[in-house]
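Contents: one structure, followed by commentary.
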Amino acid sequence: MSAHLPTQARAVVIGGGVIGCSVAYHLAQLGWRDTVLLERDRLTSGTTWHAAGLMVTFGSTSETSTELRKYTRDLYARLEAETGQATGFRPVGFIEVASDADRLEEYRRISAFNRRCGVDVHEISPSQVKELFPLARVDDVLAGFYVKGDGRADPVDVTMALAKGAKLKGATLIEGVAVEDVVVENGRVTGVRTAQGIIACEYVVNCAGMWARQLAAKNGISVPLQAAEHYYLITDKLSAIDRSWPVLEDPGCHGYYREEGGGMMVGLFEPVCAPWKIEGAPHDFSFGEIPPDWERMTPYLEKALSRVPEVKEAGLKKLFCGPESFTPDLRPIVGESPEVKNYFVAAGLNSIGILTGGGLGRAVAQWVVDGHPDVDVTGMHIDRLEPYQATAAYRRTRTVESLGMVYACHYPFKPMKTARDARRSPLYGELEKQGAFFRDVSGWETPDWYAGAGRVAEAGPLSFGRPAWWPHWEAEHRAAREGVIVMDMSFMSKFRSRVATPAAS
């Protein structure tokens, strides 16, 4: 790491986790050698160091996210040859299991989409799951979904390889220097202020992880992410386990499973989480742990261990709890902020920072260099979010629901239930009288369908089939096609361009 703080740079990347190092690496790859990365403590000291390191291309129904994953996996596979620094990437394979009909339907849909995107995923039988991961109980498993080329990487090694690659291309990385705020003049980035001095710059990329919201707020930029407790258990050594086994994931049991140091890591995504430090992540929190809440987590642990019963007899080496940041809709917060020109954000990775880090860093760097993204970022663009979503009251409730969605069954038309009634249009009362079923659309309570005048809208059970309210929806569509309707469009946004209109000659 460099010990010299430069007085100017073209771009300053804030945060030395996997995302920050990836952005710096790709900026340098694109020829921006006057890039400076500032890390307040040491590289990986925030949340990267304790990541589980899964490298999985399966699972997303976003083409953009799937392509980011594929690029990341390929990057980790070749980075050691380029830099001489190991990434710990091992393509041991990945298996997702389904033990109920709805999850089977979901994973078959995901598999079809992922195959279209070039992911080599295959549906396998319970006996094949058992053959690949012998400690798994499969008596209730309906099917597994196997990607041979997926696997795992070492989060610290990956980050160090990206950092080394950035330095080899001319970027400057400095540890032990915290950014106090970003200097803005006339609505545009002009520098960053640190305790050691100011670095003048044209661009800033906020990759500060769970601190990104607090830093961005100093410039009036809304980054509504929130840290929450995230757990994994590590056992003592097991004679029956082999490091060549694939990663196994079973959302129905709240767990993922892989070899770790001759024992097993059992990771958890519980349906009801605990937000951490609503008031803000402490600035001096580095390589830190959170005391585990055994009472709250015991039922989830028991459910997770039911998939690998033999592990219950192994000695417990560690129940780890550390913070991870989550966003209101479980999608990253990426792109140039609407509030400040040339202020970019790449944060809120919802526990998939390692497996998308390479691709996301490439996309953001390309965006900075070219002035526009070269991939469809609609679903992750920072401008989709609203300032009220960064309030403490909103984050306290919505984070519990959004993290709980990670391993939930992702039914179509499933509405968010928490942090509602933020915005009602003047027509809300009249729409309610018509039996409107409201959902959150851009923060507005927006009618999805109507049960009819004087009736209470009941959505009925969630499913992958035609919902119970389909006839109401069909009637509304027919009315729109064959007659005339009045539609409340309050949820639609209006955008004002910052491009100046040329003066008339």
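The values are calculated or read from the model by the stated rules, or taken from the named source; none is laboratory data. As the structure is a computational prediction, the values presented were derived from the model and not from experiment. A quick note on method: Cβ atoms are made from the backbone with ideal geometry, for glycine too, and the neighbour counts reach across all protein chains shown.
Tabulated data for the structure shown
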| read-out | value |
| --- | --- |
| Selection from segment 387-401 of residues that are farther than 16 Å from ALA212 by Cβ and surrounded by 17 or more Cβ atoms within 10 Å (Cβ to Cβ) | TYR394, ARG398, VAL400, GLU401 |
| Qualifying positions in segment 383-408 - touching a helix residue (DSSP H, G or I) at 6+ places or on another chain (Cβ under 9 Å) and in contact (Cβ under 8 Å) with a residue 60 or more places away in the chain | GLN389, ALA390, TYR394, ARG395, ARG398, VAL406, TYR407, ALA408 |
| Residue among ARG108, ARG103 that is in the same structural domain as SER306 (by TED's automatic domain parsing) and under 22 Å from the mean Cα position of the chain (by Cα) | ARG103 |
| Filter result (of a type outside the set (Val, Ile, Thr) and either under 17 Å from VAL441 (Cβ atoms) or not in a helix (DSSP H, G or I) (or both)) within segment 354-386 | GLY371, HIS372, PRO373, ASP374, ASP376, GLY379, MET380, HIS381, ASP383, ARG384, LEU385, GLU386 |
| Checking PHE320 against (1) under 23 Å from GLY220 (Cβ atoms); (2) in a strand (DSSP E or B), the condition it does not meet | (1) |
| Complete set of residues in segment 462-473 that are surrounded by fewer than 12 Cβ atoms within 10 Å (Cβ to Cβ) and under 15 Å from GLY435 (Cβ atoms) | PRO471 |
| All positions within segment 273-308 that are among the β-branched types (Val, Ile, Thr) and not in a loop (DSSP other than H, G, I, E, B) | THR298 |
| Boolean, ASP102 is touching a residue at least 12 places away in the same chain (Cβ under 8 Å), acidic (Asp, Glu) and within 18 Å of ARG69 (Cα to Cα) | no |
| Elements of type strands (runs of 3 or more DSSP E) in segment 159-272, at least 3 residues being free of Cβ contacts under 8 Å to residues at least 60 places away in the same chain and surrounded by fewer than 18 Cβ atoms within 10 Å (Cβ to Cβ) | 179-185 |
| Segment 37-96: number of residues that are under 19 Å from the mean Cα position of the chain (by Cα), under 30 Å from HIS283 (Cα atoms) and buried (at least 23 other Cβ atoms within 10 Å of the Cβ) | 8 |
| Residue match in segment 118-127 (condition: acidic (Asp, Glu) and either modelled with pLDDT under 95 or over 29 Å from GLY358 (Cβ atoms) (or both)) | no |
| Residue check, GLU482 surrounded by 14 or more Cβ atoms within 10 Å (Cβ to Cβ) and either among the hydrophobic types (A, V, I, L, M, F, W, C) or farther than 30 Å from GLN214 by Cβ (or both) | no |
| Options ARG69, ARG137: the member that is in a loop (DSSP other than H, G, I, E, B) and basic (Lys, Arg) | ARG137 |
| Filter result for the condition that a residue is more than 24 Å from the chain's Cα centre (by Cα), assigned by TED's automatic domain parsing to the domain that holds LEU75 and over 30 Å from PRO282 (Cα atoms), over GLU180, GLU131, GLU175 | GLU131 |
| So PRO299, is it surrounded by 19 or more Cβ atoms within 10 Å (Cβ to Cβ), of a type outside the set (Val, Ile, Thr) and at pLDDT 95 or above | no |
| Residue that is modelled with the lowest pLDDT [pool: residues in segment 461-493 that are of a type in the set (A, V, I, L, M, F, W, C), under 16 Å from PRO415 (Cα atoms) and part of a loop (DSSP other than H, G, I, E, B)] | PHE491 |
| Segment 290-324, residues that are touching a strand residue (DSSP E or B) at 6+ places or on another chain (Cβ under 9 Å) and acidic (Asp, Glu) | ASP293, GLU324 |
| Condition check for GLU458: part of a loop (DSSP other than H, G, I, E, B) and not aliphatic (A, V, I, L, M) | yes |
| Residue match in segment 431-452 (condition: in contact with a Phe, Trp or Tyr (Cβ under 9 Å, 6 or more places away or on another chain), touching a residue at least 60 places away in the same chain (Cβ under 8 Å) and in a loop (DSSP other than H, G, I, E, B)) | no |
| Qualifying positions in segment 424-461 - within 26 Å of the chain's Cα centre (by Cα), over 19 Å from GLU476 (Cα atoms) and surrounded by 15 or more Cβ atoms within 10 Å (Cβ to Cβ) | ASP440, GLY443, TRP444 |
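So that you can scan it fast, the table gives a plain yes or no per residue for (1) hydrophobic (A, V, I, L, M, F, W, C); (2) crowded, with 16+ Cβ neighbours inside 10 Å:
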| residue | (1), (2) |
| --- | --- |
| ALA304 | yes, yes |
| SER325 | no, yes |
| LYS341 | no, no |
| PRO415 | no, no |
